[in-house]
Amino acid sequence: MPENINNRQVFSLLEVTQSIERTLSKRYTRSYWVKAELAKINHYPRSGHCYPDLVDKPDGTVVAKMRANLWKDDYQRINEVFLEVTKEPLKDGINILFNARINYHPIHGLALQILDIDPHYTLGDMIREKLETIRKLKEEEIFDRNKSLKLPLLPKRIAVISVDTSKGYSDFRNKIDKNPFGYRFFYMLFPSLLQGDKAVNDMLKQLARIRKVKAHFDVVAIIRGGGGDVGLNCYDNYKLAKEIALFPLPVLTGIGHSTNETVVQMVAYKNNITPTDVADYLIQQFHNYKVPLDERERKIIEFAQQILKDQSNYLMTSGNSIIRESKFILDKSKQSLSGFQSSVRNNSANILQTNRTGLSQHTKMFTIQLKNLIRQKNSDLDQLEDHVRMLDPKNVLKRGYSITSLNNKAILSPDEVRKGDILITELYSGKIKSIVESSNKLQWKKRKHIKQPSKNLK
């Protein structure tokens with residue numbers, strides 16, 4: 001009952017909350033179906049209870065907000081059914097259609113007690129999201145952009161988006177590293193969550209990292225193992241699908257055994273379902289290159305062997321032909337040489353005989369001519385000797401001539417001497433020494449005559 005304080009009717013807080021509780025319980029006597037966004041599930045693993053935050057934002061703006069209660073037993077039952085129908089667990093950010101009672105508690109306040117959730121409504125909403133993502137990508141004309149890229153001839157450098165500890169990544173590595181053909185690959189892990197509320201942002205972050213170093217890779221592989229079709233709703237996200245559609249490298253997906261492809265699988269260059277399938281696809285690209293290469297190698301070897309065989313036969317035939325021709329030429333040359341030798345011998349004998357006869361005649365003629373020449377030269381020599389003897393100064397002196405000299409130089413003119421000069425006059429049988437008293441062209445005077453024996457003339 002209210003109190004009267006200063007002529008005022010005053011209620012306690014408990015009385016007010018109890019009144020609200022009684023009013024609401026009388027007004028809302030049954031449960032109601034409500035649609036809202038499960039903004040945050042707020043699950044507490046220790047108690048098993050959930051205290052979801054519900055919002056209504058039809059145009060992206062929150063117009064209503066309320067807290068809800070989902071007790072442990074109801075949560076386990078609802079989540080199992082939800083997972084079976086939608087292939088997704090209850091999680092933050094999904095739209096739900098739920099059945100609830102309106103409760104009010106004096107301490108905990110107003111809340112909706114969730115009794116059941118219709119998974120088909122959420123499934124329809126997820127399908128709507130998927131269809132809307134497809135519509136936007138096609139409208140932007142980028143739906144097949146990644147598929148139009150050219151896969152490298154040998155895609156051996158792989159950027160892998162996966163969870164380091166996942167079985168799918170382990171299967172991928174085992175298949176790649178132990179392929180029976182010995183093909184060598186390089187791969188690098190870009191770790192990311194692959195399901196749940198944070199998966200989209202995580203994958204976008206790793207794709208941004210790969211984009212910065214795209215020159216070092218040939219393809220991107222998004223691989224996820226285990227869990228079946230559970231947790232694939234994030235792969236219908238518009239932002240993630242758009243990034244993959246516009247990615248500059250071919251994107252390969254192996255994210256689950258889904259019978260209905262997600263949008264990411266649709267826009268990727270190649271969807272291989274499982275991580276092992278992705279590895280097989282990459283190995284097959286090498287094999288597709290190696291098989292025709294091996295075939296070409298085999299044909300080249302066969303062709304080369306045939307050429308060698310043909311050439312060997314040709315060389316053998318040519319060699320035999322050359323040997324036969326050589327023998328024929330040698331035999332013919334021997335015959336010709338033999339005839340030539342006989343001809344040379346005969347001709348040489350005739351030539352020698354002819355030359356001997358000619359040489360004998362030339363020798364006789366040369367001997368006669370040489371004797372005549374010697375006789376002629378002897379006659380010429382005798383005449384020359386006579387002439388020389390006639391010119392000998394002794395013979396000249398013998399005929400009465402003399403030679404007068406001054407200082408051992410013969411005098412040709414009186415002008416060459418002076419008074420007092422001593423002259424020597426050479427005669428056939430001696431010398432006369434004279435002193436010049438005077439000289440003229442017509443008259444000489446001799447002052448002294450000295451007769452010397454002929455033996456002094458040397």
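The values are calculated or read from the model by the stated rules, or taken from the named source; none is laboratory data. Quantities reported herein were computed from a predicted structural model and do not represent experimental measurements. Using ideal geometry, Cβ is built from the backbone for each residue, glycine included, and neighbour counts are taken over all protein chains shown.
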Is the stretch 289-297 home to any residue that is surrounded by 10 or more Cβ atoms within 10 Å (Cβ to Cβ), modelled with pLDDT under 80, within 30 Å of L153 (Cβ to Cβ) and of a type in the set (A, V, I, L, M)?
-> yes
Could you give me the residue pairs with C-beta distances under 7 Å whose first residue belongs to the stretch 131-144 and is free of Cβ contacts under 8 Å to residues at least 60 places away in the same chain, whose second residue is not hydrophobic (A, V, I, L, M, F, W, C) wherever it lies, and which are 6+ apart or on separate chains?
-> none
The lone exception for K35 - which of (1) free of Cβ contacts under 8 Å to residues at least 60 places away in the same chain; (2) charged (D, E, K, R); (3) surrounded by fewer than 15 Cβ atoms within 10 Å (Cβ to Cβ) it fails | (1)
Taking the stretch 70-116 and keeping residues in contact (Cβ under 8 Å) with a residue 60 or more places away in the chain and among the hydroxyl-bearing types (S, T, Y) leaves T86, Y104
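Please pick out the residue among A279, A304, A241, A245 that is in contact with a helix residue (DSSP H, G or I) (Cβ under 7 Å, 6 or more places away or on another chain), among the small types (G, A, S), more than 24 Å from A215 (Cβ to Cβ) and at pLDDT 85 or above.
Numbers: A279 fails: more than 24 Å from A215 (Cβ to Cβ); A304 fails: in contact with a helix residue (DSSP H, G or I) (Cβ under 7 Å, 6 or more places away or on another chain); A245 fails: more than 24 Å from A215 (Cβ to Cβ).
Matching residue, one of A279, A304, A241, A245: A241.
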Looking at (1) at pLDDT 85 or above; (2) more than 20 Å from Y75 (Cα to Cα); (3) assigned by TED's automatic domain parsing to the domain that holds W71, which is the only condition N146 fails?
-> (3)
Identify all residues within the stretch 278-326 that are touching a residue at least 12 places away in the same chain (Cβ under 8 Å) and not basic (K, R); write none if there are none.
-> V278, A279, D280, Y281, L282, I283, Q285, F286, H287, Y289
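Is at least one residue of the stretch 5-15 within 60 Å of the chain's Cα centre (by Cα) and either part of a strand (DSSP E or B) or under 26 Å from N233 (Cα atoms) (or both)? Walk me through how you get there before you give the answer.
We begin by selecting, within the stretch 5-15, every residue within 60 Å of the chain's Cα centre (by Cα); these are none.
No, because not a single residue in the stretch 5-15 is within 60 Å of the chain's Cα centre (by Cα) and either part of a strand (DSSP E or B) or under 26 Å from N233 (Cα atoms) (or both).
Out of all the residues in the stretch 46-62, is one or more among the polar types (S, T, N, Q) and surrounded by 13 or more Cβ atoms within 10 Å (Cβ to Cβ)? Talk me through it step by step, then tell me what you get.
Of all residues in the stretch 46-62, those among the polar types (S, T, N, Q) come to 47, 61.
In the following step, the residues that additionally are surrounded by 13 or more Cβ atoms within 10 Å (Cβ to Cβ) were identified as none.
Within the stretch 46-62 (the criterion being among the polar types (S, T, N, Q) and surrounded by 13 or more Cβ atoms within 10 Å (Cβ to Cβ)), the answer is no, since none of the residues qualifies.
Looking at K65, K57, K26, K40 in this structure, which one is over 19 Å from N99 (Cβ atoms), at pLDDT below 95 and not assigned by TED's automatic domain parsing to the domain that holds P119?
On the way: K65 fails: not assigned by TED's automatic domain parsing to the domain that holds P119; K57 fails: not assigned by TED's automatic domain parsing to the domain that holds P119; K40 fails: not assigned by TED's automatic domain parsing to the domain that holds P119.
The match here is K26.
Just checking, how many residues over the stretch 187-212 are touching a strand residue (DSSP E or B) at 6+ places or on another chain (Cβ under 8 Å) and more than 14 Å from I283 (Cβ to Cβ)?
To start, the set of residues in the stretch 187-212 that are touching a strand residue (DSSP E or B) at 6+ places or on another chain (Cβ under 8 Å) comprises 187-192, 194, 203, 206-207, 209-210.
From what's left, more than 14 Å from I283 (Cβ to Cβ): 188-192, 194, 203, 206-207, 209-210.
Total satisfying the criteria: 11.
Residue-wise test of (1) under 25 Å from V267 (Cβ atoms); (2) more than 60 Å from the chain's Cα centre (by Cα); (3) basic (K, R).
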position	(1), (2), (3)
F82	no, no, no
A100	no, yes, no
G109	no, yes, no
H120	no, no, no
L123	yes, no, no
R135	yes, no, yes
K138	yes, no, yes
Mind checking whether some residue in the stretch 389-402 is in a helix (DSSP H, G or I), surrounded by 10 or more Cβ atoms within 10 Å (Cβ to Cβ) and acidic (D, E)?
-> no
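Within the bounds of the stretch 329-348, is there any residue that is assigned to a helix (DSSP H, G or I), under 60 Å from the mean Cα position of the chain (by Cα) and either of a type in the set (D, E) or surrounded by 10 or more Cβ atoms within 10 Å (Cβ to Cβ) (or both)? Don't jump to the end; show me each part of the working.
At the first step, the residues of the stretch 329-348 found to be assigned to a helix (DSSP H, G or I) are 329-348.
Narrowing further to those that are under 60 Å from the mean Cα position of the chain (by Cα): 329-330.
Narrowing the set further to residues that are either of a type in the set (D, E) or surrounded by 10 or more Cβ atoms within 10 Å (Cβ to Cβ) (or both) leaves 329-330.
Among the residues of the stretch 329-348, at least one is assigned to a helix (DSSP H, G or I), under 60 Å from the mean Cα position of the chain (by Cα) and either of a type in the set (D, E) or surrounded by 10 or more Cβ atoms within 10 Å (Cβ to Cβ) (or both), which makes the answer yes.
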Of L137, L112, L131, L194, the only residue that is under 30 Å from K65 (Cβ atoms) and crowded, with 16+ Cβ neighbours inside 10 Å is L112
Report the residue count in the stretch 63-102 for those that are of a type in the set (G, A, S) and either closer than 26 Å to E261 by Cα or loosely packed, with under 13 Cβ neighbours inside 10 Å (or both).
-> 2
